[in-house]
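Values in this text are rule-based calculations from the coordinates and carry no lab data. All values derive from a computational prediction rather than experimental measurement. A quick note on method: Cβ atoms are made from the backbone with ideal geometry, for glycine too, and the neighbour counts reach across all protein chains shown.
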Amino acid sequence: MTERLARPVVEVADLSFRYSRRREDALSGVEFTICGTEWLGLLGPNGGGKTTLLRLLLGQLAPRTGSIEVFGGPPTKTRRRMGYVPQHASIDSSVPASVEDVVLLGRLTKSSWGPRYPQRDLDLALAALEETHTADLAGRAWRTLSGGQRQRVLIARALASQADLLLLDEPTTGIDIHREKELLRLLERLNDRLPILMVSHDIALVSHHMDRALWVDRTVREIDARNLDSDSLESFFHGEHS
Amino acid sequence: MNQFFTDAAVNPFLWSGLAAGLLASISCGIVGPYVVTRRLLFLAGALAHIAIGGVGAAIYLSTVHPSFFGWLEPIHGGLAAALISAPVLAVLKHRVKERLDTVVGALWAVGMSVGILLIKITPGYHTELMSYLFGNISFVTRRDLVFLALLSGVVILIATVFHRRFLALCLDSEQAELRGIPVLATDIVLFLLIAATVIVLTQIVGLILVIALLSLPAAIGTRLSTRLGPSMAVTFGVSALVTTLPRIAVYGTPISPEAAIVLATAGLYLLVVFRRRSDER
């Protein structure tokens, strides 16, 4: 039991990935682990492979070589235990849907048939909205929410799925400083019980909230997030760290 | 308007036309919001035009081989062609990443060409194609009504069973996939529903105008509602209204009822758009 508990949440070994019809690997030699309730940042230049790495972890892409284990199994088998929070733009705002409809997507399963969700799913969705302090928005139309509200609701959706790991793709993009602080307080609270892997371009955010980060630029390099500043980041951009 | 009700007492076709409009409104109300929110109108248009190939085949077979295919109505051929091409279009939508419109446009043109070719080589003169193209709401038979009712029943049943999955695809297909929903298979079912609805609506306003009836009531419904379920109810209401009142209003005038239906729908849509714009100011 102890051994099972001590097992890393995410274990990536000698991973490489190449998109079809490309001559070069998008990622290669990737190795890292996430243990316990770690909050890990993913930093790197645009096109460096951050989103590709997230998609590999979610099982949407298959590695060319190497292995990925999440909760001790391949991502395609365990991704239901992962709560993915995309940038809020991924939800189609033109669809007439309430906040509750969006959160209930986290309760969708292969056996979801019929027009309505069972009461248990409705209860879990409401509990997730309460945990993210958005229960008062449940009946509101998704398209009327601000960027900050949308991010909190998407986190509620991940929580409604009873996720054991949160994967966030630039959750603070496009929201004001006040809402960003609220969002980070929420993530801090959730991090007491959940490991978080978060893509971010914000050095201050990463150095303040995380001990460790991964620099993703075709390969992955582990960096000490606590001492991160703009100068050290600049040197990473120019590949001066080895 | 009075003349409509006076004549309706002795002409059952007038009531059949209204009943057909109401039946078509059910499919339109359910499927229209999915089509509009998923931005599938071009693909729905392709389904309608590819169906001409099936209409042509049905006319050809029933004329040239009446002993085997005498029972075949043009609408049966149209439905078969639309149902066969629906999964093909769904697969293309998922697999073709570039120039999807070119590929779909080619299928659209090929379907129409096959239909026109088959009708051209069929002996005799055939008015069925005209009623398929421009609608024939004034001559809906009892048999047509039974066909429409059956098709509407199937659409209701499937949409009820699949509603949560369809909504998930409308909102966030990536999340649906991550939650284990087979996105392509679900889209194939949705495309089959669209195909059935296109054929139902073709019976009312004809192929030329079918896209207007599939899109405009749903555009109104999705604008006026904050959830997909209620937007279907509004879409049904709008469809029922526009397939009934304009038909009665232009009765006895030279105005085509099919054109009146579409123009009334477009007018209502513009009214809703401008009303909402002025509310937002």
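Checking the condition among the aliphatic types (A, V, I, L, M) and under 30 Å from residue A:122 (Cβ atoms), which residue from A:205, A:137, A:233, A:228 passes?
None of the other options fit; the residue is A:137.
Kindly establish whether residue B:181 is within 14 Å of chain A (Cβ to nearest Cβ), out of contact with any Pro (no Cβ under 9 Å at 6 or more places or on another chain) and assigned to a helix (DSSP H, G or I).
So residue B:181 does not fit the description; no.
Here is a list: B:50, B:59. Which entry is touching a residue at least 40 places away in the same chain (Cβ under 8 Å), under 26 Å from residue B:188 (Cα atoms) and aliphatic (A, V, I, L, M)?
B:50
Can you give me the ranges of the helices (runs of 4 or more DSSP H) entirely in region A:161-242 with at least 2 residues that are over 12 Å from residue A:43 (Cα atoms) and within 14 Å of the chain's Cα centre (by Cα)?
It comes to A:177-191.
Among the residues of region B:116-171, which ones are away from chain A (no Cβ under 14 Å), small (Gly, Ala, Ser) and either assigned to a helix (DSSP H, G or I) or free of Cβ contacts under 8 Å to residues at least 60 places away in the same chain (or both)?
B:131, B:138, B:149, B:152, B:153
Could you check region A:116-131 and list, in sequence order, the residues that are surrounded by fewer than 14 Cβ atoms within 10 Å (Cβ to Cβ) and assigned to a loop (DSSP other than H, G, I, E, B)?
A:116, A:118
Which residue, of B:220, B:255, is closer than 20 Å to residue A:144 by Cα, more than 10 Å from chain A (Cβ to nearest Cβ) and more than 15 Å from the chain's Cα centre (by Cα)?
B:220
Could you check, for region A:58-79, whether at least one of its residues is surrounded by fewer than 23 Cβ atoms within 10 Å (Cβ to Cβ), more than 11 Å from chain B (Cβ to nearest Cβ), out of contact with any Ser or Thr (no Cβ under 9 Å at 6 or more places or on another chain) and in a helix (DSSP H, G or I)?
yes
Just to be sure, is residue B:261 assigned to a helix (DSSP H, G or I), in contact with an Asp or Glu (Cβ under 9 Å, 6 or more places away or on another chain), buried (at least 24 other Cβ atoms within 10 Å of the Cβ) and away from chain A (no Cβ under 14 Å)?
no
Name, by its number, the condition in (1) crowded, with 19+ Cβ neighbours inside 10 Å; (2) under 23 Å from residue B:171 (Cα atoms) that does not hold for residue A:34.
(2)
Please give the number of the condition residue A:125 fails out of (1) within 8 Å of chain B (Cβ to nearest Cβ); (2) within 17 Å of residue A:139 (Cβ to Cβ).
Condition not satisfied by residue A:125: (1).
With the checklist (1) over 12 Å from the mean Cα position of the chain (by Cα); (2) surrounded by fewer than 22 Cβ atoms within 10 Å (Cβ to Cβ) in hand, flag the one item residue B:176 doesn't pass.
Residue B:176 satisfies every listed condition except (2).
Give region A:85-115 a look and list any residue that's more than 7 Å from chain B (Cβ to nearest Cβ), assigned to a loop (DSSP other than H, G, I, E, B) and touching a Lys or Arg at 6+ places or on another chain (Cβ under 8 Å), or say none.
If the condition is that a residue be more than 7 Å from chain B (Cβ to nearest Cβ), assigned to a loop (DSSP other than H, G, I, E, B) and touching a Lys or Arg at 6+ places or on another chain (Cβ under 8 Å), then A:93 is the only one that fits.
Can you tell me how many residues in region B:198-253 are in a helix (DSSP H, G or I) and aromatic (Phe, Trp, Tyr)?
So the answer is 1.
Which of the following residues is among the small types (Gly, Ala, Ser) and within 14 Å of another protein chain (Cβ to nearest Cβ): B:240, B:212, B:233?
Checking each option against the conditions leaves just B:233.
List pairs: first residue in region B:208-231 and free of Cβ contacts under 8 Å to residues at least 24 places away in the same chain and more than 20 Å from residue B:262 (Cα to Cα), second residue crowded, with 24+ Cβ neighbours inside 10 Å and not small (Gly, Ala, Ser) anywhere in the structure, Cβ distance under 6 angstrom, at least six positions apart or on different chains.
B:225/A:96; B:226/A:96; B:227/A:96
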